[in-house]
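The values are calculated or read from the model by the stated rules, or taken from the named source; none is laboratory data. The structure presented is a predicted model; accordingly, all values stated were derived computationally and were not measured. With ideal geometry, Cβ positions are generated from the backbone for all residues, glycine too; neighbour counts draw on all protein chains shown. Areas reflect the complete protein model, heavy atoms only, side chains present, ligands, DNA and RNA absent. Shrake-Rupley method; radii C 1.70, N 1.55, O 1.52, S 1.80 Å.
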Amino acid sequence: METRFCPFCGQPNQPDAQECEFCHARLIPLGEIEKGPESETSSVVPSIEQEPQPEIPEWLRDLRDLKLDETEGEIDEGIIEPVEDLPEWLKSRDDQKGSISLESSETLLSDSLKNESIIGTEAMPIESAAITSDGHTENSISSSSSNEDSLPDADFPDWLKAMPGKEWEDDSDKEEDFFGGVVPPFVDFDESLLDIGLSDSSIVPEEIAGEGVSTSTPSSTQETGEVLEKEIPGGLEDLLAKSMHLETEEKRIEVAGPLAGLSDILPVEPLIAEEKKGFDIFSNLLITEKQRQHAELFEQLIAEEGKTKPIKSAVTEGSSPGLRIFIFVIILAASIFGVLFNPLPGKPSEISVGVFDAMQALTKVSAHSPVLLIVDYEAGDFAEMQTVGFGLIDQLMVKGAYLVLLSTNPLGALQGDRLIRQINLRGNHDYEEQTDWVNLGYLPGSSAGIQQFIQSPRITLPLTSHNQNIWATKEMKNIQKIGDFALVVVMTENASQARTWIEQLNGNITPNQVVFLVSSQIEPVVEPYYASISPQIGGLVAGINGGAIYETQAGRNGMALLYWDAYGLIVSSSVFLILFGILVNTIGKFRQSSSKKAEGK
Amino acid sequence: MNLSADWLNFTMMLVSAMLTLIIFSYIFGDHFLFHLAVALFIGVSAAIGCLTIYHSVLYPALIQPIIQDPIRGWITIAIPLLLSCLLFFKLSQRWSFMGNPSLAIMAGVGAATVVGGAIKGTLFPQIGASITQFDLQAMKAASVNPIVGLIEGGVILFGTITTLAYFHFGAHLTSEGKLQRTSWIEPLSWIGKFFIAVALGWIFSGILRAGYIAFLERVRFMIDLILDLLRVI
Amino acid sequence: MKINVPFSIAIAVLSAIIALLGYFIENSLLNQIRSSLLQSAIILAGVALIIGVINMMRVHWVEMRGGKGNKIYHLTFFAGLILTLLLGGWFGMSNPNGYWLYEAVVVPVEASLMAIMAIFLTYLLTKIINRRKDFFSIVFLVTVLVGLLTSAPFLGQEIPFIATGNSIVKSLLHLVSNGAMRGILIGVALGSIATGLRVILGSDRPYGG
């Protein structure tokens, strides 16, 4: 299958595409579309060649060998020639039956003739028309035989049966001219024009009507049909049969462009345009066999991608609300028990390198040192983030650091306020907004916003969430870029946000100045940035156990240690529940399968 | 004018408790009140978002400069204001195209910062970190036992390579016309899958832990409220 | 509009190149232009969020008038929105009266959703083996259990080699996970670069080109 190149933009398309995916132009000429996908975009010749050979007279066989350039010329050359230019067989008919023979040929070639008659003899190039003329040529002919009932049967007059095709050979050139001229492939045809009356001398141009064309030709197509029935040459029968087939599909629907969906309209793109054939050099010569195989493989992959694959009937486990509610009740009970009775008192004994480094980073912070606290988490994670961050923020408050809050989450500004209030309360601090801490509010723009803030925080957020300018205060006057903060603490539960902060901070601040306080759910994501010989961040506190370790090391009883016992109880019960649930489900499944087997037996 | 702090606090806790119970009741199945609570939550969140943006972005960037110095202010904000106004055309289907230039700036700048950040912040440093895991001098400086450091570095590097191999989708056609990965990629990819399963398992356990703490916090809140109410009664 | 398309592409490509160059080249003029572009992007991102909210209001309004969905949900949405705008707008969001609705609505709903999600995930874990009986499911499940056990003492007792101090199991878990995550992070970075470059080169036009 060859790539189909768009005739207008030249872009390659899928071989079976009907419309260019780049410019939405029709890839297959209109007639071709009607014929079906098998037909190739080429001239009429090959398609006719597919017809059974024995029934084709010599003159028509010659006609099929027409080369495109042979049809070159102006359209007015192709208009019905004066009688002297008519082919011999028509001339002879003219001699025998007078005007009738011309009428039949005239009807046969009606659409082009009529259109030309109406439009006039405006010169139009044929060259390109011939290229896309396959459908159109047929179409034109089909129009001529619009009255299907009048199509000829196989019983031709004796004179025609007796007439040897060889006799026409001498005039083959004229016939080619004749056909090339009277079947302009690019002029669309309106069926209603048939009713105008082709024989009407007012419509037929004078040069046609005047010379040898009798104005007494039958005006109705029915009459023309009758004439055709008697007079049509055998070779044209196939053509007419083809045209008949097209006739039934006359109401074509536009598939491309702004008029897509409408029927019986002129095509969007000019059909006379020459269809660009793809440069074979690119597809055949410049690629190796291996590359071609890869390309085919790629094509196959893309084709597979689009195909809908039958979904395997998944073994659906029925929902067990009982087990779900059981898990809920047990965890609820464990929580209540843990909160009320504190049954498992204790503190984490492990030492975390991340926590140790975070504590080390704090040693550089002195009283009134500006510390940027980025609060980037959702309200749902407030509880965990509070347990993670309490130890460090509490220590910052103990040191008297000037906290500058910021968030890249629209609700984060309020989270920051809430966090400081809670730690203030729990840690017995007396931190006042404006004097001890400020909230810069929300920073939109994700990575762009972060990058801008890192480079020039003053320009990015000139005012606090209370619309106050804090950049002139004694704590903030020296801050020109993010590296001027004594410490940057990022609190987040979002893996993507954490990655963005690390990426943007890289190179703009020394790693020792950055501490990450993260939820346990993103600890594995952040760890590669920290756990290396040359870390990108200076400290990492993750999850409640990180927070609990911090508080233990700092000797403070904060939020993490407040939840620690109950949390231990919940985790223990959840491990039991998971194992119990697996056991219940496995037994249930086993029973189910054994009962099915029993039923089967 | 401030409403009574106690009254405010009380109603806030009551509404909060009610909403907690409504959401928790979803365990027993979907119901009308759950959807109502979520609708309320979306409305309140959207409004808070708007107010935050006004205070953090619109006022300082587009209003305050004019208040400070009307002439210079207008010059400063002219382009951002125009682009912002154009963005509002996105609300109309017919005139949506007018907002394209504004979106183009956002997309272009956003893409550039993402690319720059990914190159400088993740790609180079992470590849570098994989290499320095085997730097004996750096290990010495970081007081890491060289043997332990080399083993650790080896495992991490192996995990990195096999994980990347798992995401290698190159394949060739077999004689039966089937798509198959290269023979040496297949076992690496299998090992990579093991590494990924461990990493995802750990992330999953982290999500569970975060959820348990949220659960604990809600339970604690409810217990505190009940105890407070009992004290009042 | 056809004319608008190349114009937008030009803007996107130009602004992207300027913003990208800033990462690698130090130049005061370039930095100034870059800063203006980034600042504009920040303002536009903020405005886009407001437009998003307006659009959401419009959708709710249209659906409510069209009788689509339960009317009471739409009314509740508007009630929450308007009340918050009034309170927050009048008192300011930092005032207790202003953030009242935040404390009363946003925090409990989000926290409760997170809490019940943990219950559902625990429930789903009990089904994992029956759903997918393969080696990797078992590896996943074991890692989850080990992850839980290493985070806190089991019933107050530290299990040897698992939950004790810096246990070997925990160290191994970190090591294996680090390797995988480094691979994933490199993959994500490559993906981000590819996607970003498509925008920078104008072949992807998320702005409606």
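Any idea what the relative contact order of region A:352-557 is, in percent, if you count C-alpha pairs under 8 Å spaced at least 6 apart? Relative contact order, region A:352-557: 30 percent. Take the Cα radius of gyration of chain B and divide it by 2.2 N^0.38 Å, N being the number of residues; the result is 1.63. For region A:465-511, the share of alpha carbon pairs falling in successive 5 Å distance bins from zero is 4, 17, 21, 20, 18, 15, 5 percent. Within chain B, the longest run free of trypsin sites (Lys or Arg not before Pro) that sit in a DSSP loop with at most 12 other Cβ atoms within 10 Å is B:1-93. Measuring nothing but protein heavy atoms, the accessible surface of region C:56-209 at 1.4 Å probe radius is 70 percent carbon and sulfur.
Just to be sure I understand: if you take the accessible area of chain C alone plus chain A alone and subtract the pair, with a 1.4 Å probe, what total do you get in Å², rounded to 100?
On the way: alone 16500 and 31180 Å², together 42390 Å².
Interface area, both chains combined: 5300 Å², rounded to the nearest 100.
In this view, the solvent-accessible surface of B:TYR26, computed with a 1.4 Å probe and all protein chains in place, comes to about 70 Å².
Taking only C-alpha pairs under 8 Å that are 6+ residues apart, what is the relative contact order of chain B in percent?
Relative contact order for chain B comes out at 10 percent.
Averaged over peptide C:127-134, the number of partner chain Cβ atoms lying within 10 Å of each residue's Cβ comes to 4.
From the largest down, region C:121-209 spans 61, 32, 23 angstrom on the principal axes of its Cα atoms. Buried surface between chains B and A: roughly 4800 Å² of accessible area, summed over both sides, computed with a 1.4 Å probe on protein heavy atoms only. Send over the Kirkwood Rh of region B:145-233, from the inverse of the averaged 1/r over different Cα pairs, rounded to one decimal Å. In region B:145-233 this quantity evaluates to 17.5 Å. The gain in end-to-end length when the B:SER96 to B:HIS168 segment is fully stretched comes to 21.9 nm, 0.36 nm per residue minus the alpha carbon separation.
From the alpha carbon centroid of region A:385-427 to that of region B:187-233 is 21 Å. Peptide A:405-417 is shielded by partner chain Cβ atoms: per residue, an average of 4 of them sit within 10 Å of its Cβ. Between the helical axis of B:100-117 and the dominant principal axis of chain B, each derived from Cα atoms, what acute angle in degrees is found, rounded to the nearest 10? That helix lies at roughly 50 degrees to the long axis.
Between the helical axis of B:5-24 and the longest alpha-carbon principal axis of chain B there is an angle of about 50 degrees. The value obtained for region B:67-187, namely the Cα convex hull volume divided by the number of residues, is 228 Å³ per residue.
Taking all protein chains as they are arranged and a probe of 1.4 Å, the heavy atoms of B:TYR54 leave approximately 90 Å² accessible to solvent.
Size of region C:14-79 from its Cα atoms: along the principal axes, largest to smallest, the extents are 58, 19, 13 Å. Per residue, region B:145-233 exposes 51 Å² of solvent-accessible protein surface, assessed with a 1.4 angstrom probe and all protein chains in place.
When the trypsin sites (Lys or Arg not before Pro) in region C:42-121 are filtered for DSSP coil states and for at most 10 other beta-carbon atoms within 10 Å of their beta-carbon, no site remains.
Debye sum, Cα scatterers, region B:176-218, no solvent: what log₁₀ I/I(0) at q = 0.26, 0.32, 0.34, 0.35 1/Å? Result of the Debye calculation: -0.86, -0.98, -1.02, -1.04. Between A:GLN480 and B:TRP74, what FRET efficiency follows from the Cβ-Cβ distance if R0 is 30 Å, with the result rounded to 0.05? Once the sixth-power term is evaluated, E becomes 0.65. Surface composition of chain B: carbon plus sulfur atoms contribute 72% of the solvent-accessible area (1.4 Å probe, protein chains only, all chains present). The mean number of partner chain beta-carbon atoms within 10 angstrom of a residue's beta-carbon across peptide B:17-27 is 5.
Averaged over its residues, region A:352-557 has an accessible area of 28 Å² per residue, based on protein heavy atoms and a 1.4 Å probe.
Dividing the radius of gyration of the alpha carbons in region A:352-557 by their Kirkwood radius gives 0.92 for Rg/Rh.
Can you give me the relative contact order of region A:384-450 as a percent, contacts being Cα pairs under 8 Å and 6 or more apart? Relative contact order for region A:384-450 comes out at 41 percent. Only protein heavy atoms count here, probed at 1.4 Å, and on that basis chains C and B bury about 9600 Å² of accessible area in total. Take each peptide in A:444-450, A:545-551, count the other Cβ atoms within 10 Å of every residue, and average; sorted highest first, the result is A:545-551, A:444-450.
Before I look further, what does region C:58-145 give for accessible area per residue, probe 1.4 Å, in whole square angstrom?
That works out to 44 Å² for each residue.
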